[in-house]
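Engineer: Here you go, one structure.
The values are calculated or read from the model by the stated rules, or taken from the named source; none is laboratory data. Please read all numbers here as calculations on a predicted model, not as lab measurements. Quick reminder, even Gly has a Cβ in these numbers, built from the backbone with ideal geometry, and neighbours come from all protein chains shown.
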Amino acid sequence: MLALAGAGVARKLGLDVPRDVSITGFDDSPVSAVSSPPLTTVRVDYAGFGEAAADLLLAEIEGAPRPTFEPAPPELIVRRSTAPPSA
């Protein structure tokens with residue numbers, strides 16, 4: 001949401017996103033894909049983190065060995081709010 005607000009401020013200042021400034025968000029909220037321009041963002045597997053936390057809690061309660069957890073790597077979702085630097 002902060003990245004989207006930043007894009008709004010850039011527009012109010014007369015800047016074009018992404019021609020004048022590139023903006024990238026973090027969390028890939030559903031609004032990111034439908035904003036104008038669609039927001040480049042980093043997607044993190046929050047559901048996977050939640051599931052791992054629940055598995056760890058249940059193992060602790062049951063006295064079972066701690067489960068291993070290997071988080072999925074973050075994923076860059078490139079949309080139209082970013083561009084290469086101008087020459």
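Engineer: So how many residues does region 72-87 have that are within 12 Å of residue 49 (Cα to Cα) and surrounded by fewer than 11 Cβ atoms within 10 Å (Cβ to Cβ)?
Structural biologist: Counting residues in region 72-87 that are within 12 Å of residue 49 (Cα to Cα) and surrounded by fewer than 11 Cβ atoms within 10 Å (Cβ to Cβ) gives 1.
Engineer: Quick check, is residue 3 aliphatic (A, V, I, L, M), touching a residue at least 24 places away in the same chain (Cβ under 8 Å), assigned to a helix (DSSP H, G or I) and more than 21 Å from residue 85 (Cβ to Cβ)? Let's see the steps before the verdict.
Structural biologist: On the way: aliphatic (A, V, I, L, M): yes; touching a residue at least 24 places away in the same chain (Cβ under 8 Å): yes; assigned to a helix (DSSP H, G or I): yes; more than 21 Å from residue 85 (Cβ to Cβ): no.
Judged against the criteria, residue 3 is not a match.
Engineer: Which of the residues belonging to region 7-25 are part of a loop (DSSP other than H, G, I, E, B), of a type in the set (D, E, K, R), free of Cβ contacts under 8 Å to residues at least 40 places away in the same chain and farther than 13 Å from residue 36 by Cα?
Structural biologist: The one that is part of a loop (DSSP other than H, G, I, E, B), of a type in the set (D, E, K, R), free of Cβ contacts under 8 Å to residues at least 40 places away in the same chain and farther than 13 Å from residue 36 by Cα: 20.
Engineer: Still on this structure, please answer the following. Would you check if there is a residue in region 39-57 being in a loop (DSSP other than H, G, I, E, B), surrounded by 10 or more Cβ atoms within 10 Å (Cβ to Cβ), touching a residue at least 40 places away in the same chain (Cβ under 8 Å) and in contact with a Ser or Thr (Cβ under 9 Å, 6 or more places away or on another chain)? Step through it out loud before you land on a result.
Structural biologist: First, the residues of region 39-57 that are in a loop (DSSP other than H, G, I, E, B): 39, 44-45.
Okay, now just the ones that are also surrounded by 10 or more Cβ atoms within 10 Å (Cβ to Cβ), so 39, 44-45.
The next check asks that each one be touching a residue at least 40 places away in the same chain (Cβ under 8 Å); those that pass are 39.
From what is left, the residues that are in contact with a Ser or Thr (Cβ under 9 Å, 6 or more places away or on another chain) are 39.
Checking region 39-57: at least one residue is in a loop (DSSP other than H, G, I, E, B), surrounded by 10 or more Cβ atoms within 10 Å (Cβ to Cβ), touching a residue at least 40 places away in the same chain (Cβ under 8 Å) and in contact with a Ser or Thr (Cβ under 9 Å, 6 or more places away or on another chain).
Yes or no, residue by residue, for (1) over 16 Å from the mean Cα position of the chain (by Cα); (2) at pLDDT 95 or above; (3) under 21 Å from residue 2 (Cβ atoms); (4) of a type in the set (Phe, Trp, Tyr):
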site	(1), (2), (3), (4)
14	yes, yes, yes, no
24	no, yes, yes, no
40	no, yes, yes, no
58	yes, yes, no, no
63	yes, yes, no, no
71	no, no, no, no
79	no, yes, yes, no
87	yes, no, no, no
